[in-house]
Amino acid sequence: MSAEDYHQLPTFIKEISSQCKEHQERFERYCYFHVCLCCVQCITDKHQKCQDIKPRSVILNQVKSSASVPLFEKDLKNLKRNLDKALKYMKKRISANNTKKTEAVDEIRHMTKLIDDFLNELEQTILDDLESKHSKLKSEMVILVQQMEQRAVQINQLQVEFTKMTQYATDLQMYVGLKEMRKLHQSNKIYRRFKTGRPI
Ligand SMILES: [Zn+2]
Ligand SMILES: [Zn+2]
């Protein structure tokens, strides 16, 4: 392996040593029970009772000749393909969600405007109606007040005439005059009805 090739290896691979870090001795064996490489000292310390220990050359040759390398390569490829697919799907969903959110905001604004327009129109209709009814009632009351003022003048006159009649008229004149005055009094109905609250 050239120095250039060696530098292209991932760091964690470069850090793998053929020496045991604990005892600073070369790995000589492989323990199948603990699934690890061991130096002579390791075997003495921790693997005394382990049955299945083989020289490291046996396990290293097995790796090279086994199908695990191409299988792992295939697994990695599959994993990468699935991940790319999932990533593409997620990005599509994010974009679709953004579009849906924008659409929802537009819809809410549109609905709010419709409700505002409707309420404004309703308010205007009610105000117009109120204005027209108030104006009609006001003009009717003004007319009524004018009529009542005319009647007041007439009644004043009637009172004056009645007083004169009681002082100066004959019995016959009193009889006919009272009848005429009653007629005039009757014509004050409008005022009387208004006073008692009955409809005109
Ligand atoms: Zn060791
Ligand atoms: Zn062991």
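The values are calculated or read from the model by the stated rules, or taken from the named source; none is laboratory data. These figures come from a predicted structure and were not determined experimentally. Note: ideal-geometry Cβ built from the backbone for every residue, glycine included; neighbour counts use all protein chains shown.
Overview of results
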{"read-out": "All positions within the stretch 28-59 that are over 17 Å from S18 (Cα atoms) and of a type in the set (F, W, Y)", "value": "Y32, F33"}
{"read-out": "Given (1) at pLDDT below 95; (2) part of a helix (DSSP H, G or I), number of the condition H110 does not satisfy", "value": "(1)"}
{"read-out": "Exclusive hit being out of contact with any Phe, Trp or Tyr (no Cβ under 8 Å at 6 or more places or on another chain) and of a type in the set (G, A, S), set S2, S18", "value": "S2"}
{"read-out": "Residue selected from the stretch 37-64 under the condition within 16 Å of ligand 1 (Cβ to nearest atom) and in a loop (DSSP other than H, G, I, E, B), by the criterion surrounded by the fewest Cβ atoms within 10 Å (Cβ to Cβ)", "value": "Q48"}
{"read-out": "Matching residues, the stretch 6-38, being within 12 Å of ligand 2 (Cβ to nearest atom) and touching a Cys at 6+ places or on another chain (Cβ under 9 Å)", "value": "R29, Y30, C31, Y32, F33, H34, C36, L37, C38"}
{"read-out": "Where a residue in the stretch 16-44 is under 18 Å from N61 (Cα atoms) and its partner, wherever it lies, is assigned to a loop (DSSP other than H, G, I, E, B) and of a type in the set (S, T, Y), with Cβ under 9 Å and at least six apart", "value": "R26/S18; F27/S17; F27/S18; L37/S18"}
